[in-house]
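To start, the structure under review is shown below, and the notes come after it.
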Amino acid sequence: MADLNSIYCPKCRCHTNLIYRAGYERSITGGKYLYHAVEECNNCQQHFLTIRLNGQYGKKILKSYPESLPKTVNSLISDSVKKDFEEALLCQSVGAYRGAAVLARRAVQLICLDKGAKKGEKLHKQIEELFDNNIITQDIKDWADEVRYIGNDAAHPNKEEVNKEDSEDILELLESLCDVLYVAPARAAKRKQKRKGMAE
Ligand SMILES: [Zn+2]
């Protein structure tokens with residue numbers, strides 16, 4: 001996720017640091033300050049108006065105009081999974097944490113189906129099936145289960161509330177799952193093909 005000074009630029013679609021150009025501060029309650037500033041993408045020079053809060057932990061971006069984009073999803077991930085993952089990130093970027101968690105869980109279910117799990121089963125069974133068939137390791141099973149648990153909380157009214165940190169965590173886990181199951185194998189296959197081409 002973006003740190004204090006970086007955002008996903010809506011113009012060049014890069015994860016970029018913002019360069020401070022001009023601004024002023026105004027004190028608010030609790031000894032804190034709001035900074036209104038003009039800042040610039042260090043990749044494409046798009047300008048932003050930002051509002052930052054200077055609390056105990058530094059100057060955190062509260063708002064930017066134009067708004068930051070959610071980070072992009074790797075194009076090597078299967079299309080069906082990618083669609084839900086992107087929508088989950090979009091939910092996260094506008095503070096819809098429950099929506100993000102439910103969509104992350106849906107993405108895990110789509111991964112299971114894509115990797116050959118039985119249709120119509122409960123998600124925990126589908127994850128187990130992939131583990132039993134040696135398609136995923138114990139580690140990956142654990143990550144998928146964590147996304148499933150928080151996704152369940154988000155989907156049912158009598159369960160725990162899902163906060164920003166919860167949904168952030170499971171989006172990171174979903175990203176790791178996708179890296180291991182789609183991105184790394186595709187990269188390795190590409191390397192292998194290149195190596196074979198050079199040997200001929
Ligand atoms: Zn930019």
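The values are calculated or read from the model by the stated rules, or taken from the named source; none is laboratory data. As the structure is a computational prediction, the values presented were derived from the model and not from experiment. So basically every Cβ, Gly included, is an ideal-geometry build from the backbone, and we count neighbours across all protein chains shown. Note: areas computed on protein heavy atoms with side chains; ligands, DNA, RNA excluded. Shrake-Rupley method; radii C 1.70, N 1.55, O 1.52, S 1.80 Å.
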On the accessible surface of the chain, probed at 1.4 Å with all protein chains in place, carbon and sulfur together account for a percent value of 49
Which value in nm describes the separation of the simple spin-label points at K196 and E168, placed 7 Å from the Cα toward the beta carbon? 4.3
Note down the nm distance, to one decimal, between modelled labels 7 Å out along Cα→Cβ at L62 and at D114. 3.9
Please give the per residue accessible area of region 6-65, computed with a probe of 1.4 Å over protein heavy atoms only, in Å². 63
Is there a pair in K118/K141; K59/K164; K63/K83; K71/K118; K141/K192; K82/K141 whose C-alpha atoms are over 21 Å apart, and which pairs would that be? K63/K83; K71/K118; K141/K192
In degrees rounded to 10, the 0-90 angle between helix 123-132 Cα long axis and the longest Cα principal axis of the chain is 60
Students often forget the sequence filter, so: which aspartates and glutamates lie under 20 Å Cα-Cα from K159 once same-chain residues fewer than 8 apart are removed? D145, E146, E168, D169
Using the alpha-carbon centroid of each, what span in Å lies between region 54-111 and region 121-164? 19
Convert each backbone phi in region 15-26 into a coupling constant with the Karplus relation 6.51 cos²θ - 1.76 cosθ + 1.60 (shift: θ = phi - 60°), then list the ³J(HN,Hα) values in order as whole Hz, x for Gly and Pro. 7, 10, 8, 9, 9, 6, 10, 7, x, 8, 10, 9
Taking a straight Cα-to-Cα line shorter than 20 Å from K190, and setting aside same-chain aspartates and glutamates fewer than 8 residues away, one finds D79, D179, E200
